[in-house]
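Q: The structure is given below, and queries will be raised subsequently.
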Amino acid sequence: MKLLLVEDSAELRASLVRSLGAAGYVVEEADNGEDAAHLGSTGEYDAIILDLGLPVIDGLTVMSAWREEGISAPILVLTARGSWREKVQGLRLGADDYLTKPFRTEELLARIEALIRRSKGHSATQVRLGDLEIDLSQRVLSRHGIEISLTANEFRTLAYLALNKGRVISQMELTEHLYDQDFERDSNVIEVTVARLRRKVGAGVIVTRRGHGYLVPTDHVGPEDASPEDASPEDIGPDNIDPDDIRGG
Ligand code: CA
C-alpha cells in the first residue's frame, strides 16, 4: 500500500516514515502544500496523511482542490490540539478521519489501516478467500486456523489483490502501490512473487488474465480457472531477482 505523507515538521515526518515503513507501507513525502498538491494529483495513493498547517498552500486548500479534481483516496487529517473548527471544516471538505497532535503512532497506524480497508469496501479486519483467511491487522495468513508463512513482500502483494477482490489488477498498478519510485519497472519481481504465492496458497487463488493482470476472484475458483503455467517451478531461476531483496518499504 502506498501512502502520501504531508507534514512540514522534519522530525515528525522522519519518525512517521520509519514507523509506516516498518508497518509495510511505501511512503512518499511532501513538506509543503504545493508539492503535496502536485503529488496527490499525479500519484496513486491508497491513503493520504495530511497536516493542515503547511507552508506555501495550507492543507485545507490542498484537500479541497484534490476533491474537486476527483481524487478519492481516503485522507487522514492531522490537526493541532483543540482546533475543532479545523476538524469540522476538514471533514466537510472531504477528510475521512482526523487525528489530533500529539498522537501515538499506534493510533495513526490503526486509523490508516481502517481507512484503507473501508475505502476498498471491507469493514472487517479479516478478508476471506475460499478457505484462506487474511488478517490485515495482524498481517497473518491462515487456512483452517493454521498459519501459512509468507514473506513481507508476499503478504503485501496478496493483501492488495485480496482487498481488490473481483477486479483485475495490472502489473503496473501493483508496482505503483507496492513499491517506491526507485523500483526497477522492467524486473520480474511481481511475476516471481505471484508464482511463489501460488505455490503456498494454491494456484487458483490468483488468476492470470493474460495481457491484463491478476485477479483474485470473488467466487470459488475451480482448477479450470487456475493458470498452472504461471505457477511452475521453472519461473524461479537463479537469474531472477529475489523480491525480498527489493526495498519496497
Ligand atoms: Ca504543520
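The values are calculated or read from the model by the stated rules, or taken from the named source; none is laboratory data. Given the structure is predicted, the values throughout are model-derived calculations rather than measurements. Neighbour counts run over all protein chains shown; Cβ positions are idealised from the backbone, glycine included.
Q: Just wondering, is there one or more residues in region 58-69 that are assigned to a strand (DSSP E or B) and either in the same structural domain as Glu113 (by TED's automatic domain parsing) or not polar (S, T, N, Q) (or both)?
A: Pass one, region 58-69, residues assigned to a strand (DSSP E or B): none.
No: region 58-69 contains no residue that is assigned to a strand (DSSP E or B) and either in the same structural domain as Glu113 (by TED's automatic domain parsing) or not polar (S, T, N, Q) (or both).
Q: If Gly40 meets every condition in (1) surrounded by fewer than 17 Cβ atoms within 10 Å (Cβ to Cβ); (2) more than 13 Å from the ligand (Cβ to nearest atom); (3) not aromatic (Phe, Trp, Tyr) apart from one, which number is that one?
A: Failed condition: (1).
Q: While we're on this one: Quick one: which residue in Leu115, Leu91 is modelled with pLDDT of 90 or more, under 22 Å from Ser64 (Cα atoms), out of contact with any Cys (no Cβ under 7 Å at 6 or more places or on another chain) and surrounded by fewer than 17 Cβ atoms within 10 Å (Cβ to Cβ)? Even if it seems obvious, please write down each step before you answer.
A: Details: Leu115 fails: surrounded by fewer than 17 Cβ atoms within 10 Å (Cβ to Cβ).
The conditions single out Leu91.
Q: Could I ask something else about it? Give region 59-78 a look and list any residue that's within 16 Å of the ligand (Cβ to nearest atom) and either under 25 Å from Ser170 (Cα atoms) or crowded, with 23+ Cβ neighbours inside 10 Å (or both), or say none.
A: Gly59, Val62, Met63, Ile75, Val77, Leu78
Q: Sticking with this one: List the strands (runs of 3 or more DSSP E) that sit entirely inside region 102-151 and contain at least 2 residues that are not β-branched (Val, Ile, Thr).
A: Output list reads 126-129, 132-135, 140-143.
Q: Please work out which residue is nearest to the ligand (Cβ to nearest atom), limiting yourself to region 43-58 and to residues that are at pLDDT 95 or above and closer than 30 Å to Leu174 by Cβ.
A: Asp51
Q: Also, quick follow-up: Limited to region 195-212, what total is found for residues that are out of contact with any Asp or Glu (no Cβ under 7 Å at 6 or more places or on another chain) and under 14 Å from Asn164 (Cβ atoms)?
A: Adding up the residues that qualify gives 4.
Q: Next up: Step by step: first the residues of region 22-37, then only those that are touching a strand residue (DSSP E or B) at 6+ places or on another chain (Cβ under 6 Å) and outside any loop (DSSP other than H, G, I, E, B), then the one that is surrounded by the most Cβ atoms within 10 Å (Cβ to Cβ). Which residue is that? Explain how you work it out, then say what you get.
A: To start, the set of residues in region 22-37 that are touching a strand residue (DSSP E or B) at 6+ places or on another chain (Cβ under 6 Å) comprises 25-30, 36.
From the residues that got through so far, the ones that are outside any loop (DSSP other than H, G, I, E, B) too are 26-30, 36.
Numbers: Val26: 22, Val27: 21, Glu28: 20, Glu29: 18, Ala30: 23, Ala36: 29.
Filtering region 22-37 for residues that are touching a strand residue (DSSP E or B) at 6+ places or on another chain (Cβ under 6 Å) and outside any loop (DSSP other than H, G, I, E, B), the one surrounded by the most Cβ atoms within 10 Å (Cβ to Cβ) comes out as Ala36.
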